[in-house]
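Below is one structure, written out as structure tokens, with a few remarks after it.
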């Protein structure tokens, strides 16, 4: 029974790690595209920066949902 608890804990850790990969890649893409947009249109940097922060927040929400789901299902 102890071995089952260890395996379950390890699987939960791997699951959260996999759930965090997607948002990490997503944040990288969002920031990269925002910087590219600011380089093309510097006069719109305020609006682009605001949208970038919103995109980061929504993307990071996925990682938090993965973390909470890990706690709920254990």
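The values are calculated or read from the model by the stated rules, or taken from the named source; none is laboratory data. All figures in this text were calculated on a predicted structure; none of them were measured in a lab. Note: ideal-geometry Cβ built from the backbone for every residue, glycine included; neighbour counts use all protein chains shown.
Below, the figures for the structure above:
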read-out: Considering residues of segment 52-65 that are surrounded by 15 or more Cβ atoms within 10 Å (Cβ to Cβ) and either over 9 Å from the mean Cα position of the chain (by Cα) or not in a helix (DSSP H, G or I) (or both) only, the residue modelled with the lowest pLDDT; value: 55
read-out: Single unsatisfied condition, residue 36 versus (1) touching a helix residue (DSSP H, G or I) at 6+ places or on another chain (Cβ under 8 Å); (2) more than 30 Å from residue 16 (Cβ to Cβ); value: (1)
read-out: Odd one out for residue 9 among (1) at pLDDT 95 or above; (2) closer than 19 Å to residue 71 by Cα; value: (1)
